[in-house]
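Laboratory data are not the source of any read-out in this text; all were calculated from the coordinates shown. Note that the structure is a prediction, hence the values are computed from the model and not measured. FYI the Cβ positions are ideal-geometry reconstructions off the backbone, even for glycines, and counts take in every protein chain you see.
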């Protein structure tokens, strides 16, 4: 079984990373997380408040609801919790990938495959 967990780790050197993370979680409330997420990454170099609103319109979000949800304390708490967890795990940049709690250094297809096979072998021994 494979479980994918996406965590927020807005980098402090990117002025709009935190706002983008919050906006993506707010977009999720409208069922548009992935569409919004993908556009954020395509436009990471040009993110600002206006671009985030433009992306919201582009993916068909209710912008009033998005802006309201972005202020929800529980969304901010999720981002802060993810950041704290990342710091505790030694995350310094993105993307950072763990397989069964182990940092994946070789992010090539072969690296993924080897890490997964190693973990599956561990499970077989139990």
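Brief remarks on what is shown
- Rel. contact order, % - alpha carbon contacts under 8 angstrom, at least six apart, region 10-92: 31
- Two-site label geometry, residue 112 and residue 80: point separation in nm, points 7 Å out along Cα→Cβ: 3.4
- Helix-only [θ]222 nm of the chain, DSSP H runs n ≥ 4, -39500 (n - 2.57) each, per residue, nearest 500: -18500 deg cm²/dmol
- 18, 61 arranged by Cβ crowding within 10 Å, fewest neighbours leading: 18, 61
- Global form of region 56-114, assessed from the alpha-carbon gyration tensor, a/c cut-off 1.5: oblate
- Shape of region 1-68 from the C-alpha gyration tensor: oblate (a/c of 1.5 or more and a/b not above b/c, with a ≥ b ≥ c the square roots of its eigenvalues).
- For region 51-126 versus region 1-34, the gap between their alpha-carbon centres in whole angstrom: 8
- Between helix 49-58 and the chain there is an angle of about 80 degrees, using the helix long axis and the longest principal axis of the Cα atoms.
- Folded to 0 to 90 degrees: helix 17-28 orientation relative to the chain principal axis, Cα: 90
- The residues 51, 118, 3, when put in order of fewest to most other Cβ atoms within 10 Å, stand as 3, 118, 51.
- Here the residues 54, 123, ranked from fewest to most Cβ neighbours within 10 Å of their Cβ, fall in the order 123, 54.
- If the segment from residue 96 to residue 63 were pulled out straight at 0.36 nm per residue, it would be longer than the present Cα-Cα gap by 8.8 nm.
- Förster radius 35 Å - calculated FRET efficiency between residue 72 and residue 4, Cβ distance, rounded to 0.05: 0.90
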